[in-house]
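**Q** Before anything else, here's the structure in question.
Please treat every number below as a calculation from the coordinates, not as lab data. Here the structure is a predicted model, which is why all the values come from computation and not from measurement. When we count neighbours, we look across all protein chains shown, and the Cβ atoms used for this are built from the backbone with ideal geometry, even at glycine.
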Amino acid sequence: MDRKVWKLARRPVGDIADGDLELVSEAIPDLAEGQFLLAVIYLSLDPTNRIWMSDMEQYMPPVELGAPMRAGVCGRVVASRKAGVEPGQIMAGLGEWADHIVSDGSFMSPLPQLPGVSLAATYGTLALVGPTAYFGLMDIGQPKPGETLVVSAAAGGVGQIVGQIGKIKGCRVIGIAGGKAKCDYVVNELGFDACIDYKHEDVGAALDRLCPDGIDINFEQVGGPIMVEVLKRMKTFGRVPLCGLISGYNAIDAVEEPGFWTMILMRRLTIRGFIVTDFAPRFGESGAALAGWMLGGQLQTRQDIRPGLENAVATVRELYTGGNFGKLLIQVSDY
Ligand SMILES: NC(=O)c1ccc[n+]([C@@H]2O[C@H](COP(=O)([O-])OP(=O)(O)OC[C@H]3O[C@@H](n4cnc5c(N)ncnc54)[C@H](OP(=O)(O)O)[C@@H]3O)[C@@H](O)[C@H]2O)c1
């Protein structure tokens with residue numbers, strides 16, 4: 001039996017280009033003892049895919065040229081020679097841009113299924129972006145009732161969850177997102193207090209209007225000029241969970257943001273970069289909290305599901321222009 005898999009043919013320069021990855025068919029090897037075969041249902045497309053394609057300094061080894069492209073996946077076990085893993089089980093974890101994956105179970109675990117919640121919402125929320133939002137906000141942001149929380153990329157996978165946890169914790173939540181539809185969604189559907197459409201508004205002026213007393217927590221996801229405007233308005237003892245800097249991921253000659261060292265000192269800010277896997281030993285805690293909020297109707301999430309593994313390259317590019325609306329997934333096969 002063959003599988004289809006995307007392999008990294010060359011490292012992108014700037015935006016991901018046609019030909020940077022190649023879709024190939026290859027034979028699926030026989031399962032060795034301790035392995036299982038997963039038929040991928042959802043492939044998670046994430047901003048970090050662009051980082052993994054590069055050889056910049058990063059938190060995991062870059063994907064090697066000629067190797068399958070790394071990805072978060074969710075799928076159904078179709079054959080198993082691994083004790084405790086049965087055909088039919090739904091597993092989620094780290095895999096490849098492929099329709100079938102042979103796994104030994106490393107970085108894979110069973111995905112709990114929540115009554116009344118779709119597999120896409122369960123996977124899209126509990127697997128990657130939910131824990132990122134949860135630990136970044138709860139551990140680093142340390143939200144307190146009455147505080148002002150600003151979150152950029154507010155209508156995306158992580159951002160939509162950050163804002164809702166902020167509301168659960170009693171914060172005033174201001175989103176920043178590209179376009180009216182996304183801003184309307186986070187305010188009207190998710191209960192954010194306000195949202196700044198950075199594509200049509202002056203972000204600094206809007207922050208002055210919406211946060212006249214300053215900002216306690218900046219959940220930073222984009223970097224660049226938006227981050228600069230938010231940082232300038234941080235309160236003393238403010239906290240900045242530094243989750244992502246997507247505005248720079250496709251940059252050819254990346255230039256670091258200017259430092260704010262004097263301001264960081266004078267306002268005693270805490271700025272901490274983090275990667276969700278830092279918190280892997282505590283994923284049970286985030287899973288229980290997120291599932292509880294979902295089942296209790298306090299947390300809803302939007303998935304942006306696109307068809308076809310063959311469209312993965314064209315689709316992943318949309319993350320860097322805001323073409324996605326919610327957690328971006330590829331439907332590789334039916335559930
Ligand atoms: N630290 C971690 O462990 C971790 C884990 C997951 C994700 N992340 C980071 O969190 C961020 C969001 O990830 P996600 O998976 O939830 O993706 P996402 O928000 O669903 O999609 C990315 C969004 O970023 C916004 N964006 C893209 N380019 C931009 C630019 N130049 N300026 C402003 N906004 C821009 C777009 O929204 P608009 O339409 O609103 O512009 C786009 O929809 C990324 O920076 C990602 O790297 C970090």
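**Q** Between Met263 and Ser118, take the C-beta separation as r, use R0 = 41 Å, and let me know the FRET efficiency to the nearest 0.05.
**A** About 0.40, to the nearest 0.05.
**Q** Continuing with the same structure: Restricting attention to region 56-165, which chymotrypsin sites (Phe, Trp or Tyr not before Pro) occupy a DSSP loop and are surrounded by at most 14 other Cβ atoms within 10 Å?
**A** Numbers: sites: Tyr59, Trp97, Phe107, Tyr123, Tyr134, Phe135; in loops: Tyr59, Trp97, Phe107.
In loop regions of region 56-165 (DSSP not H, G, I, E or B), the sparsely surrounded chymotrypsin sites (Phe, Trp or Tyr not before Pro) are Tyr59, Phe107.
**Q** Any idea how far apart Asp253 and Lys180 come out in nm if each label point goes 7 Å out from Cα toward Cβ?
**A** Distance between the two pseudo-spin positions: 3.9 nm.
**Q** How would region 50-159 be classified by its alpha-carbon gyration tensor: rounded, prolate or oblate, with rounded meaning a/c under 1.5 and the a/b versus b/c comparison settling the rest?
**A** oblate
**Q** On to the next question. Would you calculate, for the chain, the mean residue ellipticity at 222 nm contributed by helices, counting each DSSP H stretch of 4 or more residues as -39,500 (n - 2.57) and dividing by all residues, to the nearest 500? Present the calculation step by step, with values, prior to reporting the outcome.
**A** Values: 10 runs with 78 residues, N = 335.
It lands at -6000 deg cm²/dmol.
**Q** For region 129-277, what is the Kirkwood hydrodynamic radius in Å, using each pair of distinct C-alpha atoms?
**A** Numbers: mean 1/r = 0.0666 Å⁻¹.
Computed over region 129-277, the radius equals 15.0 Å.
**Q** Right, something else. With a cut-off of at most 15 other beta carbons within 10 Å, and DSSP calling the residue loop, which trypsin sites (Lys or Arg not before Pro) in region 168-207 qualify? Please list them.
**A** Values: sites: Lys169, Arg172, Lys180, Lys182, Lys199; in loops: Lys169, Lys199.
For trypsin sites (Lys or Arg not before Pro) across region 168-207 that sit outside H, G, I, E and B with at most 15 neighbouring Cβ atoms in 10 Å, the list reads Lys199.
**Q** Test of understanding: express the Cα radius of gyration of the chain as a ratio to 2.2 N^0.38 Å, with N the residue count. Don't skip to the answer; put the middle values down first.
**A** Values: Rg = 20.1 Å, N = 335, 2.2 N^0.38 = 20.0 Å.
Scaled against compact globular proteins, the figure is 1.00.
**Q** Rounded to whole Å, give me the distance from the Cα center of region 248-292 to that of region 297-327.
**A** After rounding, the separation between the Cα centres reads 22 Å.
**Q** Just tell me the longest site-free run in the chain, where the sites are GluC sites (Glu not before Pro) in a DSSP loop having at most 13 other beta-carbon atoms within 10 Å.
**A** Numbers: sites that count: Glu33, Glu57, Glu64, Glu256.
Result, exposed sites excluded: 65-255.
**Q** Would you mind classifying region 230-335 by shape? Square roots of the alpha carbon gyration tensor eigenvalues, ordered a ≥ b ≥ c; an a/c under 1.5 is rounded, otherwise it is prolate if a/b is larger than b/c and oblate if not. Could you put the intermediate results ahead of the total?
**A** Numbers: a/c = 2.52, a/b = 1.37, b/c = 1.84.
Because a/c hits 1.5 or more and a/b fails to exceed b/c, region 230-335 counts as oblate.
**Q** By how many nm would the segment from Ile305 to Asn188 grow when fully extended, if each residue of separation counts as 0.36 nm and the alpha-carbon distance is taken off? Working shown, then result.
**A** Details: separation 117, 0.36 × 117 = 42.12 nm, distance 2.18 nm.
Result: 39.9 nm gained on full extension.
**Q** Quick one: Cα centre-to-centre distance for region 161-238 and region 1-62, in angstrom?
**A** Region 161-238 and region 1-62 have Cα centres spaced 34 Å from each other.
**Q** Moving on. Lone cysteines in the chain, going by a 4.7 Å Cβ-Cβ cut-off?
**A** Flagged as lacking a Cys partner: Cys74, Cys171, Cys211, Cys243.
**Q** Share of antiparallel DSSP beta bridges in the chain, in percent to the nearest 5? Can you show the working numbers first?
**A** Numbers: 34 of 58 bridges.
So the antiparallel bridges amount to about 60 percent of the total.
**Q** R0 = 25 Å: FRET efficiency of Asp334 with Val24, Cβ-based, nearest 0.05?
**A** Values: r = 23 Å, r/R0 = 0.93.
FRET efficiency, Asp334 to Val24: 0.60.
**Q** Helix by helix, which DSSP H runs in the chain go 15 Å or more along their axis at the Cα atoms and have an average Kyte-Doolittle hydropathy of 0.5 or more?
**A** Working: long enough: 157-168 (18 Å, 0.78); 283-295 (17 Å, 0.87).
Both cut-offs are met by 157-168, 283-295.
**Q** Given R₀ = 22 Å, what would the calculated FRET efficiency be for Met60 paired with Asp139, taking r from the Cβ atoms and rounding to 0.05?
**A** It comes to 0.60.
**Q** Could you check the simple spin-label distance between Ala17 and Asp278, using points 7 Å along Cα→Cβ, in nm with one decimal?
**A** Here the modelled spin labels are 3.5 nm apart.
**Q** Just the number, please: percent antiparallel of the DSSP beta bridges in region 69-193, rounded to the nearest 5. Don't jump to the answer; show the numbers that get you there.
**A** Values: 10 of 15 bridges.
Of those bridges, close to 65 percent are antiparallel.
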